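Let me begin by presenting the structure, written as structure tokens, before commenting on it.
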Amino acid sequence: MSHLFVFGYGYSARRIGEEALRLGWRVSGTRRSAEGVAELEAMGISGHVFGGDAPSPGVGARLATASHVLVSTPPQASGDPVLRHHRPDVVASESLEWIGYLSTTGVYGDREGAWVDESSRPRPETSRSRMRLAAERGWREVATEADVPLQIFRLSGIYGAGRSALDRLRDGTARSIVSPDVVFNRIHVDDIAGAVVAGMRHPRVVGVLNVSDDEPAPPADVYAHAAELMGRAPPPPVPLDEAELSPAARSFYEENKRVRSTRLATELGYALRHPTYREGLASILAAEAESGP
């Protein structure tokens, strides 16, 4: 039986794990607290506490039986916590067939609206993106040492049930921030899961795989469409210069690029379930209506 071990069983990883369980795989993973591990155990998933500050007891033994390892844990200023504490365990696993790393399209930096794809050279401009690129390099070294295929999934802005423009309109936190000529790509969490599972099924397709939708768009367009779907007025526009944003959030709005997921379609043969935010938001509303109040 295939066994997926996930470092950092969070929002995106949960959907990936659900797909693996549906396929009959064994799934294990880490959470930052005992309460989080209890949630995993309730879903039939073997869990381990890993906060990134020290090795996690039992992870080494679990990795020894893992056929697939997915890293969804974000890097820290001191480096990738998984590499720091569990690199020897990953390298020593004789059952390992595949490594996946969830990264970000932020590593491409600002391109003044130009298109990038997997052949584009990274030009990270923020500390967060520089840390991601350093972690990518670290996992390349591990994959080479362990002689295991590595797929690096560079994700655009993640949204899905509970984390979308629909939810921010409902809770009153939606802000239609306007910055001239700034567009973003997005990706529905279901397509992250679909892309990663496709990658595990095609391990020979190694290296970088962008995971982005097909229509980069300004944030105001997304909120306007979400508001229309809900029968509400869109939030009023707020110029970027007047928006009270953290430095990290502001840097996100100051990067302008359009992302193509070329290899996702041509080499993995994966077709997006939600090619634009329109299909993605409609699917969230449809699922909510189906599940009822």
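The values are calculated or read from the model by the stated rules, or taken from the named source; none is laboratory data. These figures come from a predicted structure and were not determined experimentally. Ideal geometry is used to build each Cβ from the backbone, glycine not excepted, and the neighbour counts take in all protein chains shown. These accessible areas exclude ligands, DNA and RNA; they are computed on the full protein's heavy atoms, side chains included. Shrake-Rupley method; radii C 1.70, N 1.55, O 1.52, S 1.80 Å.
Taking Val82, is it closer than 15 Å to Gly8 by Cα, open to solvent by less than 30 Å² (accessible area, probe 1.4 Å) and modelled with pLDDT of 95 or more? Break it down stepwise before answering.
Details: closer than 15 Å to Gly8 by Cα: yes; open to solvent by less than 30 Å² (accessible area, probe 1.4 Å): yes; modelled with pLDDT of 95 or more: yes.
Answer is yes for this residue.
Run down Ala143, Ala165 and say which single residue is modelled with pLDDT of 95 or more, over 19 Å from Thr73 (Cβ atoms) and among the small types (Gly, Ala, Ser). Outline the logic, then answer.
Values: Ala143 fails: over 19 Å from Thr73 (Cβ atoms).
Just a single option satisfies the conditions, and that option is Ala165.
Kindly list the number of the only condition in (1) closer than 23 Å to Arg250 by Cα; (2) in contact with a helix residue (DSSP H, G or I) (Cβ under 9 Å, 6 or more places away or on another chain) that fails for Met131.
(2)
What number of residues within segment 202-228 are surrounded by 17 or more Cβ atoms within 10 Å (Cβ to Cβ) and not in a helix (DSSP H, G or I)?
Residues in segment 202-228 being surrounded by 17 or more Cβ atoms within 10 Å (Cβ to Cβ) and not in a helix (DSSP H, G or I): 11 in total.
Could you tell me which residue of segment 112-128 is farthest from Ser78 (Cα to Cα), considering only residues that are among the hydroxyl-bearing types (Ser, Thr, Tyr) and modelled with pLDDT of 95 or more? Can you show your working first?
Looking only at segment 112-128, we keep the residues that are among the hydroxyl-bearing types (Ser, Thr, Tyr), and these are 119-120, 126-127.
Adding the requirement that they be modelled with pLDDT of 95 or more leaves 119-120.
Details: Ser119: 28, Ser120: 27 Å.
Among those that are among the hydroxyl-bearing types (Ser, Thr, Tyr) and modelled with pLDDT of 95 or more, it is Ser119.
It is to be established whether one or more residues within segment 238-256 are in contact with a helix residue (DSSP H, G or I) (Cβ under 9 Å, 6 or more places away or on another chain), under 21 Å from Leu281 (Cα atoms), hydroxyl-bearing (Ser, Thr, Tyr) and open to solvent by 20 Å² or more (accessible area, probe 1.4 Å).
Pass one, segment 238-256, residues in contact with a helix residue (DSSP H, G or I) (Cβ under 9 Å, 6 or more places away or on another chain): 240, 243, 245, 248, 250-255.
Then drop every residue that is not under 21 Å from Leu281 (Cα atoms), which leaves none.
Checked against the condition, which is being in contact with a helix residue (DSSP H, G or I) (Cβ under 9 Å, 6 or more places away or on another chain), under 21 Å from Leu281 (Cα atoms), hydroxyl-bearing (Ser, Thr, Tyr) and open to solvent by 20 Å² or more (accessible area, probe 1.4 Å), segment 238-256 yields no hits at all.
Out of all the residues in segment 15-49, which are without any contact (Cβ under 8 Å) to a residue 60 or more places away in the chain, farther than 23 Å from Arg84 by Cβ and in contact with a strand residue (DSSP E or B) (Cβ under 9 Å, 6 or more places away or on another chain)?
Of segment 15-49, the ones without any contact (Cβ under 8 Å) to a residue 60 or more places away in the chain are 17, 21-22, 24-49.
This time we only want the ones that are farther than 23 Å from Arg84 by Cβ, so: 17, 21-22, 24-27, 35, 38-39, 41-45.
Hits for segment 15-49 are Gly17, Leu21, Trp25, Arg26, Val27, Ala38, Glu39, Glu41, Met43, Gly44, Ile45.
Evaluate segment 229-250: report whether one residue or more is closer than 21 Å to Pro180 by Cα, part of a helix (DSSP H, G or I), of a type in the set (A, V, I, L, M, F, W, C) and out of contact with any strand residue (DSSP E or B) (no Cβ under 7 Å at 6 or more places or on another chain). First the steps, then the outcome.
First pass over segment 229-250, keeping only residues closer than 21 Å to Pro180 by Cα: 234-250.
The next check asks that each one be part of a helix (DSSP H, G or I); those that pass are 240-242, 247-250.
With of a type in the set (A, V, I, L, M, F, W, C) added as a condition, the list becomes 240, 248-249.
After this cut, where a residue has to be out of contact with any strand residue (DSSP E or B) (no Cβ under 7 Å at 6 or more places or on another chain) as well, the list is 248-249.
Looking for residues that are closer than 21 Å to Pro180 by Cα, part of a helix (DSSP H, G or I), of a type in the set (A, V, I, L, M, F, W, C) and out of contact with any strand residue (DSSP E or B) (no Cβ under 7 Å at 6 or more places or on another chain), one finds at least one in segment 229-250, hence yes.
Those residues that are open to solvent by less than 30 Å² (accessible area, probe 1.4 Å) and either closer than 15 Å to Arg186 by Cα or without any contact (Cβ under 8 Å) to a residue 40 or more places away in the chain (or both), I need them from segment 265-292; list them, please.
Hits for segment 265-292 are His274, Thr276, Tyr277, Gly280, Leu281, Ile284.
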